[in-house]
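Data block below; observations after.
The values are calculated or read from the model by the stated rules, or taken from the named source; none is laboratory data. Since the structure is predicted, the reported quantities are computational estimates derived from the model, not experimental observations. For neighbour counting, all protein chains shown are included, and Cβ atoms are generated from backbone atoms with ideal geometry for every residue, glycine included.
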Amino acid sequence: MSSVRVYMKSAPGILNVWQVVLCFSLVVSLLADGYAVDARYQLRLDELLLLMASFGFFVSTLLMLVGVLMGTLDLQYSPIYRLNYVMASFAYLPCTVAFVAGEVGSPRTDGWNNAFLSMSLAAATSCMFLASTVLVYQPFLCPTARM
């Protein structure tokens, strides 16, 4: 049990928890913005792609966090763990840029606060997944990691 505490206090553990929280918040924010009762619904591809990426990586990151918390600490050194963060980094960055470009050029003003929240959450999640990718491939930055 002490190895789980060490992991949760390390940089990858903290980032993993924040990724789960931010991905869930982003999914809820995008759903609240896209399905507002008083607004006309319009399908935007950039919003849909960001929603799909957020939900997919929320589920995969949550499953990996649960796997590590259950005691399988070797999971964080597996190729699947690394592949998840590389894929998340390369999927989130274009989706975030496309979403921000679509929101900035959008003429609607009714949900600007919610759109700004979604843009902020998407940018923060992209940065967190990029930081996790760097930490996974550079273990000397994290003292508890081993290769």
Pairs, first modelled with pLDDT under 70 and aromatic (Phe, Trp, Tyr) in the stretch 91-112, second assigned to a helix (DSSP H, G or I) and surrounded by 11 or more Cβ atoms within 10 Å (Cβ to Cβ), C-beta under 9 Å, six or more apart: TRP112/GLU103
Taking GLN76 and the conditions (1) polar (S, T, N, Q); (2) more than 15 Å from LEU63 (Cα to Cα); (3) modelled with pLDDT under 80, which numbered condition does it fall short on, given that it satisfies the others? (2)
